[in-house]
Amino acid sequence: MAKSPKPHDTAGQAEGGNRRDFLYVATGTLGAVGVAAASWPFIHQMNPSAAVLALASTEVDLSAIEQGQAITVIWRGKPVFIRHRTAKEISQAQDTSLEALPDPQADSERVQKAEWLILVGVCTHLGCVPLSHTGEYEGWFCPCHGSHYDTSGRIRKGPAPANLAVPEYVFIDDLKVRIG
Amino acid sequence: MSNISAGKRALQWFDYRLPIFTFIHHSTVGYPTPKNLNYWWNFGSLAGIILVVQIVTGIVLAMHYTPHVDHAFDSVEAIMRDVNYGWLLRYIHANGASAFFAVVFIHIFRGLYFGSYKSPREVLWWLGLIILLIMMATAFMGYVLPWGQMSFWGATVITNLFSAIPLVGESITTWLWGGFAVGNATLNRFFSLHFLLPFVLVGVVFLHLWSLHKFGSNNPTGIDTRGPKDTVPFHPYYTIKDLFGVGVFLIIFSVFIFYAPNYLGHPDNYIKANPLVTPAHIVPEWYFLPFYAILRAVPDILFVDAKLAGVIAMFASILLLFALPWLDSSPVRSARFRPWYKQFFWLLVLDVVVLGVAGAKPPEGLWLVLGRLATAYYFIHFLILLPLLGRIEPTKPLPRSIGDPVLNSSPPRESETGS
Ligand code: HEM
Ligand code: FES
């Protein structure tokens with residue numbers, strides 16, 4: 001560190017620096033830490049508030065969903081797909097070999113009950129909502145940039161890097177589910 | 001003593017204490033400007049005028065706009081139907097954004113052609129790029145405000161770009177949204193920032209001009225001005241020329257506002273945002289199309305998946321321009337004296353147009369291939385061709401001064417720059 005001329009204070013001079021240098025560095029460091037700490041409220045205010053986090057679960061009655069049908073409900077402001085799979089769709093999903101998958105995951109790890117497939121309806125590419133019962137694998141097709149998902153919601157083709165996410169959910173009874 | 005000289009004395013009294021009139025005089029009226037500027041030099045002042053138009057129309061729109069997911073769309077419809085002249089103000093603002101980009105793109109390509117980014121104007125060039133980035137953020141957030149389908153899904157796709165960042169991507173998108181999807185919190189903060197950023201732009205424009213006036217404008221020959229015989233005072237010569245350009249601009253602008261106000265927009269944005277249904281074909285506003293094409297063009301590269309690679313390429317396409325003054329190693333500024341660079345310049349223009357078209361088409365078949373080629377060429381131009389040209393291109397002899405035609409029998413001088 002450069003030595004500043006200090007005609008009156010030579011007592012503070014020590015090897016490799018002096019008291020004033022130390023004070024500069026200490027004050028500067030403390031100032032930087034203070035500014036970083038003070039800026040946190042300004043950054044954190046943009047995160048979801050406790051009120052938003054509290055709204056984080058949704059209950060759905062499944063009784064009206066016929067086999068072969070899919071509905072979309074809203075959970076945390078996002079679409080969630082609930083699909084009542086047919087036997088054919090289930091076996092298609094189960095019989096796919098894991099080697100054919102860009103993001104390998106067995107169907108059994110993605111469902112609690114084989115006929116009910118519950119997924120976050122947000123394309124893992126850039127967040128569009130895929131269309132159900134379309135695409136080359138008869139699961140979903142995302143029109144935005146052309147991602148194809150299968151009947152287990154796994155990515156098969158297109159720019160999306162990952163399978164459609166499975167939200168946390170519990171079956172309250174046979175035909176009622178709580179998401180979140 | 002007459003009133004006039006009393007007024008003058010009052011001005012002098014004030015200027016002595018705060019020399020703002022001297023400052024304005026130096027930076028406009030007295031500013032010595034190269035005498036050979038052509039019409040490509042009109043676009044800077046034009047951009048400044050459009051910025052003022054956007055701020056004025058924006059402030060009055062904000063008097064009627066409601067930044068809430070339940071009311072935003074209706075408040076914009078009310079501006080269109082009920083507010084006195086609301087339709088005019090909104091059409092000026094919406095088309096003003098397009099005009100701003102058109103003018104700034106021309107302004108940037110002018111800089112590329114005449115080598116205006118070269119020493120000693122590198123900082124001036126950087127400030128221009130910062131202006132471009134802030135403009136893009138502003139326009140993106142403004143487009144979300146009417147809360148139509150394109151607003152919502154454009155916001156969703158663009159904010160999701162950040163989820164490509166490894167590890168922290170998800171936290172960043174949640175932080176940007178203030179929730180788990182684009183929603184009311186997002187709309188509110190976008191309104192706040194959309195209001196703020198244009199004023200930040202004013203500040204950066206001020207720095208841009210400050211740095212311009214340090215060395216003065218470049219000119220079509222790219223050689224330095226040598227004293228008063230090469231320059232004319234900005235006023236009245238260029239105030240008049242700029243004003244003429246403003247007239248031509250206003251005619252074209254009015255054609256859009258009054259006869260084709262939605263020509264550059266998307267019909268889907270007159271449908272209220274629906275978080276459950278994505279429109280079949282989402283495309284950004286025209287001024288983002290080349291960048292959008294780059295985003296979608298990149299395939300998986302080694303262990304980087306296509307999503308992340310696309311995002312990196314898109315940001316790199318602009319960030320790379322910050323290094324341009326060093327990538328282009330040729331000591332000659334103007335393409336007039338660079339026969340090879342001139343050809344590659346026009347190829348680059350064509351390349352960006354192809355990128356724009358590719359960005360508007362669904363990414364499949366021929367357009368996907370063209371988009372990829374054009375993306376590759378964009379990077380090749382800046383990273384390979386420019387450094388190479390600087391080394392091997394035979395440049396034409398430079399004139400002695402702006403006043404001297406090249407064909408004067410005087411022996412060619414060595415290049416001007418590189419000092
Ligand atoms: C750099 C300057 C600016 C640009 C490029 C810009 C761009 C935009 C764009 C593209 C829109 C969407 C237009 C539409 O389709 O409806 C918009 C809307 C809006 N802007 Fe700006 N803007 C700028 C400055 C401002 C300023 C300074 C304010 C306020 C102080 C403002 C307030 C608004 C409001 C209230 C809306 C919503 C109403 C509407 O959609 O027409 N803007 N802006
Ligand atoms: S958002 Fe679904 S493919 Fe891009």
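The values are calculated or read from the model by the stated rules, or taken from the named source; none is laboratory data. Treat the numbers as computed from the prediction; the structure is a model and nothing was measured. Neighbour counts are summed over all protein chains in view; Cβ atoms, including those assigned to glycine, are modelled from backbone coordinates with ideal geometry. Note: areas computed on protein heavy atoms with side chains; ligands, DNA, RNA excluded. Shrake-Rupley method; radii C 1.70, N 1.55, O 1.52, S 1.80 Å.
If you count only protein heavy atoms with a 1.4 Å probe, what accessible area per residue comes out for the stretch A:52-179, rounded to a whole Å²?
44 Å²
What is the percent carbon and sulfur in the accessible area of the stretch A:52-179, measuring with a 1.4 Å probe over the protein chains and ignoring ligands?
Carbon plus sulfur share of accessible area: 50 percent.
What's the FRET efficiency of B:I384 with A:D103 using the Cβ-Cβ distance as r and R₀ = 35 Å, to the nearest 0.05?
0.45
Rounded to the nearest 100 Å², what is the buried accessible area between B and A, both sides summed, probe 1.4 Å?
2100 Å²
Can you list the residues in the stretch A:114-150 whose accessible area drops by at least 30 Å² when all protein chains are present, compared with the chain alone? Use a 1.4 Å probe, heavy atoms only.
SASA drop of 30 Å² or more in the stretch A:114-150: A:H125, A:L126, A:G127, A:C128, A:V129, A:P143, A:C144, A:H145.
How about the stretch A:37-51: which of its residues lose at least 50 Å² of accessible area in the presence of all protein chains relative to their chain isolated, using a 1.4 Å probe?
Going by heavy-atom accessible area, the residues of the stretch A:37-51 that drop by at least 50 Å² are A:M46, A:P48.
Take the solvent-accessible surface of the protein heavy atoms, probe 1.4 Å, and return the percent of it on the stretch B:82-190 that carbon and sulfur atoms account for.
74 percent
Please average, across the residues of B:276-283, the number of beta carbons from any other chain that are within 10 Å of each residue's own beta carbon, and give a whole number.
Whole-number average of other-chain Cβ neighbours for B:276-283 is 5.
Straight-line reach from B:K35: which lysines fall under 16 Å, measuring Cα to Cα and dropping same-chain residues less than 8 apart?
Straight-line reach from B:K35, under 16 Å: B:K229, B:K241.
Amide H to amide H under 5 Å from B:T221: which residues, 5+ apart in sequence or cross-chain, H placed 1.01 Å off N in plane?
Residues meeting the criterion, in which the H sits 1.01 Å from N, do not exist here.
May I ask for the angle, rounded to the nearest 10°, between helix A:19-44 and the longest principal axis of chain A, with both axes built from Cα atoms and the value confined to 0 to 90°?
Relative to chain A, helix A:19-44 is tipped by roughly 20 degrees.
Are there DSSP H segments in chain B that both extend 30 Å or more along their axis (alpha-carbon positions) and score a mean Kyte-Doolittle hydropathy of at least 1.0? List them, or say none.
Long hydrophobic helices here: B:86-114, B:122-144, B:184-215, B:234-259, B:339-360.
Averaged over its residues, how many other protein chain Cβ atoms are within 10 Å of peptide B:173-184's Cβ atoms?
Other-chain Cβ atoms within 10 Å of each residue's Cβ, averaged: 5.
Using 7 Å Cα-to-Cβ label points, what is the A:L23/A:A36 separation (nm, one decimal)?
2.5 nm
Over chain B, give the accessible area per residue in Å² for a 1.4 Å probe, as an integer.
50 Å²
With each label point set 7 Å from Cα along the Cα-Cβ vector, what nm distance links B:W175 and B:L11?
According to this spin-label approximation, the distance is 5.2 nm.
On a straight-distance basis, which lysines could pair with B:K307 in a cross-link, Cα separation under 28 angstrom, same-chain partners fewer than 8 positions away excluded?
A:K78, A:K157, B:K361
Treat each spin label as a single point 7 Å out from the Cα along the C-beta direction, and report the A:I74 to A:D174 distance in nm.
3.2 nm
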